[in-house]
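Engineer: Please find one structure pasted underneath; my questions will follow.
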Amino acid sequence: MTTVREAVLAGEYGRGLEQYNRLTQPKAEDLRWAGVCAAQQGRGVQARQQLEQAAQRGCHAARIDLASLHRFAGEFAQALTSLTLVQEALPLLTLLDRALWYRERAIVGHELGEGMQTVLGFFEQAWVTASDAPLAMQASVAHAYGMHLTRFGEDHRASAYLEFAAEHGHSVRRAYAIATLASCAIYQGEGSQARALLDSVRKDSTDDPVLEAVLAYHQGQLFRTEGAYEQAVSAFQRAVSLAQTELRPSTELHARLGLLALATERGDEAMARTALVRARRLVRAPRDEAFLKWREGSWRASQGDRGGLGLLEEAVSFFQDRELRREALWSRLHLAEAQERFGQGEACAASLSEAADWVAAFETPPTLVAELRLTPRVTARLESLPLGAYERLHLLKEDAQNPRQVNLKTLGGAEVLVDGQSIRLRLKRVVEVLAYLLKSGGASLAEVQRDLFPEVRPAQAKGYFHQIRLHIKERVPGLSVPFDEVRGTYAVRSEGIRLTWDIQTLTAELARPQDSLLKILERYELDFLKDADSVWATEERERLRRWVTQVALETMDGWYRTGQFEKCVSLAERLLPLDPLDEALHEFLIQATLETRGRAAAYQSYLSSAEIFRREVDEVPPRLKALGEDIRKRPFN
């Protein structure tokens, strides 16, 4: 064994290059291992040159390492070509190199979209072949095998291989194996364990920008799962920056997609478009493309673009065909959300049924909490099901793991309820501040002062706002309003609780096909923060009234055209107290009354409407007056 190769197996790449530079007559094998060391030291050009030279001088196994170099650069087709050039010579290679070939072939195949059986078959061959290779090689195979088992949702099997790699690998290998174990914990919703693992890697590892990029990405995923929006943004941005510097397009792609998911959650168009533009340029393989279609489809659907449906269908199909069960489940929830949004109720129900089947099939199902935040219509639909319903039982099972339910009530009164019980709040405007921050997705102190406390001296408004932040943290454990130093904003953060807001629930319910609109509106008072007198609350109150009225008018138009006149009467009577000067509502009420109860009742309805307008604005609108005159002249039925 050459001294350079010994250094590689020990993970001491700097020492390997020093050993190589001391050789007076390096062989092709030495050149190959020096190229591996250079690659691990971030010297990509030097690594490629040395590996090409080694291959040309007869070291066939150098092409395996060239394949790895191509893969790190996102050049998966070139990586497969490099491996194919070695395939015929496999029987002539050492056990170590054969194990390396099978390992690399499995990884590249996975990136190119090969199915679970093919990929894991190559890994199994690598593992069997490595059984007689040096322990460091076994650890290398075990790490890659475990990492891909978790990608296929086989977390229990994965943990055994990853723990082997952490125990027997060199320090760098151990750090990456533990980071992968942390990602498994994140997928399982075990945040405390994940955080402890990530902290242990940072504590024990030396300065490694590539590893730091991976850790930042996992940290972003952990924060996203916990609902820590600002911290997640910061972590993903750090991962992007490091990955760009170290030329790791795959890590950058997934960090960008993490930012896109956060932008979708908050409706942040600028962040979403920035993430998308860059992510599209980073796609290198079918698997990358499927992840992009999933997140882009979810974003576009959330913005009312029906093109998102097609992208989500393609992503689900890819993940399902390749048995990437975790991503198939998550993307299926997003497809169900889009189907619900665009009025495809039956398709949504079928998607949720299939998603519940997948959850039931998992030995340990992945957490759904982060994706359910992006699918409010799905969540509302599931919550409307009976407690024992199959889909609710499997897809909302995290309610049992995190039983604390915190609900922000802003329709009618202003309350914070924990597990259905109202919390006594000493400060009057706590609920208004929470609603404002949830609506805006985060705001600076200046924006809070401008929108909520415009008539209060800035210093006094600042002090009151910080008192409210402290009061929220004291009265509702798990709920806080931290400051993000990077963005300079305050935002609502929830940890270990399930936070809902009645405005979001109402919005999700009204986005469905509206046969049940009357029942929905019966459950809500439609007066937003009725005792709040800030300009912001007043504007939001009016916006909500106009939006609900518009939804109702569109619904009544469909009912009227299909002869459902009684429904029109009931809905118009329900909404007129909310918006008594909406001419269209009055017209629907009068016309539907004419159809159901005849001329006399319709004319009496007109007289009542006319009296409201005379009392409020001193005149009856011309269209309404013409309708009344037309009814008055009609013969009795």
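Engineer: Given charges of +1 on the Cβ of Lys and Arg and -1 on the Cβ of Asp and Glu, with all other atoms neutral, how large is the dipole of the range 310-427 about its Cα centre, in debye to the nearest 20?
Structural biologist: Dipole of the range 310-427, to the nearest 20 debye: 660 debye.
Engineer: Please list the non-local residues whose amide H lies under 5 Å from the amide H of GLY189, H modeled 1.01 Å from N, same-chain partners needing a gap of 5 or more.
Structural biologist: So GLY189 has HN proximity to THR367.
Engineer: Over the Cα atoms, compute the radius of gyration (one decimal) and Dmax (the largest Cα-Cα distance, rounded to a whole number) for the range 1-136, in Å.
Structural biologist: For the range 1-136, the Cα-based Rg and Dmax read 14.4, 47 Å.
Engineer: Roughly how many Å² is the accessible area per residue of the range 10-67, as a whole number, for a 1.4 Å probe?
Structural biologist: I get 50 Å² per residue for the range 10-67.
Engineer: Which order do the peptides 458-468, 429-439 take when ranked by the mean count of other beta-carbon atoms within 10 Å per residue, highest first?
Structural biologist: Final packing ranking: 429-439, 458-468.
Engineer: Can you list the equivalent-ellipsoid semi-axes of the range 60-212, largest first and in whole Å, using the square root of 5 times each Cα gyration tensor eigenvalue?
Structural biologist: Taking √(5λ) for each eigenvalue gives 27, 16, 15 Å, largest first.
Engineer: Turning to a different aspect of this structure: When the Cα centres of the range 607-626 and the range 95-158 are compared, how far apart do they sit, in Å?
Structural biologist: For the range 607-626 versus the range 95-158, the Cα centre distance is 78 Å.
Engineer: Rolling a 1.4 angstrom probe over the protein heavy atoms, how many square angstrom per residue are accessible across the range 517-622?
Structural biologist: 51
Engineer: Quick check: the angle from helix 622-633's long axis to the longest principal axis of the chain, C-alpha only, nearest 10 degrees?
Structural biologist: Here the helix axis deviates by roughly 50 degrees.
Engineer: What is the Cα convex hull volume of the range 369-499 when expressed per residue in Å³?
Structural biologist: Value for the range 369-499: 124 Å³ per residue.
Engineer: What's the percent breakdown of Cα-Cα distances in the range 162-264 across 5 Å bins, shortest bin first?
Structural biologist: Histogram of Cα-Cα distances, whole percents per bin: 2, 15, 23, 24, 21, 10, 3, 1, 0.
Engineer: Could you provide, to the nearest whole Å², the per residue accessible area of the range 84-142 with probe 1.4 Å?
Structural biologist: Ligands and nucleic acids excluded, the figure is 40 Å² per residue.
Engineer: By how many nm would the segment from GLN41 to TYR560 grow when fully extended, if each residue of separation counts as 0.36 nm and the alpha-carbon distance is taken off?
Structural biologist: Length difference between fully extended and current span is 179.7 nm.
Engineer: Want the number for GLU323 to ASP305: 0.36 nm per residue separation, take away the alpha-carbon distance, what's left?
Structural biologist: 3.7 nm
Engineer: How far is helix 155-168 tilted off the main Cα axis of the chain, in degrees rounded to 10, range 0 to 90?
Structural biologist: Rounded to the nearest ten degrees, it is 40.
Engineer: Explain nothing, just the number: relative contact order of the range 174-317, from Cα pairs under 8 Å at least 6 residues apart, as a whole percent.
Structural biologist: After rounding, I find 15 percent.
Engineer: Hey, another quick one. Can you tell me the orientation of helix 430-440 relative to the chain, as the angle in degrees between its alpha-carbon axis and the longest Cα principal axis, to the nearest 10?
Structural biologist: 60
Engineer: Based on the Kirkwood radius over alpha-carbon pairs, what value in µm²/s does the Stokes-Einstein equation return for the translational diffusion coefficient of the range 165-206 at 10 °C and 1.306 mPa s?
Structural biologist: The Stokes-Einstein estimate is 157 µm²/s.
Engineer: How do the peptides 104-113, 559-568 rank, highest first, by the average count of neighbouring beta carbon atoms within 10 Å per residue?
Structural biologist: Ranked from most to least packed, the peptides come out as 104-113, 559-568.
Engineer: What does the extension gain come out to for LEU427 and SER131, with contour length at 0.36 nm per residue minus their alpha carbon separation?
Structural biologist: Residue separation times 0.36 nm, minus the Cα-Cα distance, leaves 99.9 nm.
Engineer: Using only the Cα atoms of the chain, what are the Rg and Dmax in Å?
Structural biologist: Looking at the chain, its Cα Rg and Dmax stand at 30.6, 114 Å.
Engineer: Also, quick follow-up: If packing is taken as the mean number of other Cβ atoms within 10 Å per residue, what is the order of 383-394, 362-373, highest first?
Structural biologist: Descending packing order for the listed peptides: 362-373, 383-394.
Engineer: Write down Rg/Rh for the range 125-217, rounded to two decimals, with Rg from the C-alpha atoms and Rh from the Kirkwood relation over Cα pairs.
Structural biologist: Using Cα coordinates only, the ratio equals 0.97.
Engineer: Equivalent-ellipsoid semi-axes (√(5λ), Cα gyration tensor) for the range 284-357, whole Å, largest first?
Structural biologist: 19, 16, 7
Engineer: What distance in nm separates the simple spin-label points at GLU495 and ARG597, each placed 7 Å from Cα in the Cβ direction?
Structural biologist: Label at GLU495, label at ARG597, 5.8 nm between them.
Engineer: Still on this structure, please answer the following. How big is the range 518-637 in terms of Cα radius of gyration and Dmax, in angstroms?
Structural biologist: So, for the range 518-637, Rg and Dmax equal 15.4, 52 Å respectively.
Engineer: Nothing charged except the Cβ atoms of Lys and Arg (+1) and of Asp and Glu (-1): what's the magnitude of the dipole of the chain about its Cα centre? Round to the nearest 20 debye.
Structural biologist: 720
Engineer: So, one more: Helix-only mean residue ellipticity at 222 nm, the chain, DSSP H runs n ≥ 4 weighted -39,500 (n - 2.57), per residue, nearest 500. What is it?
Structural biologist: After summing the helix terms and dividing by the residues of the chain, the value is -22500 deg cm²/dmol.
Engineer: Carbon-plus-sulfur fraction of the accessible area of the chain, 1.4 Å probe, in percent?
Structural biologist: Answer for the chain: carbon and sulfur cover 48 percent of the accessible area.
The values are calculated or read from the model by the stated rules, or taken from the named source; none is laboratory data. Because the structure is a prediction, the values reported are computed rather than measured. Positions of Cβ are backbone-derived with ideal geometry, glycine not excepted, and every protein chain shown enters the neighbour counts. Heavy atoms of the whole protein, side chains included, go into the accessibility calculation; ligands, DNA and RNA do not. Shrake-Rupley method; radii C 1.70, N 1.55, O 1.52, S 1.80 Å.
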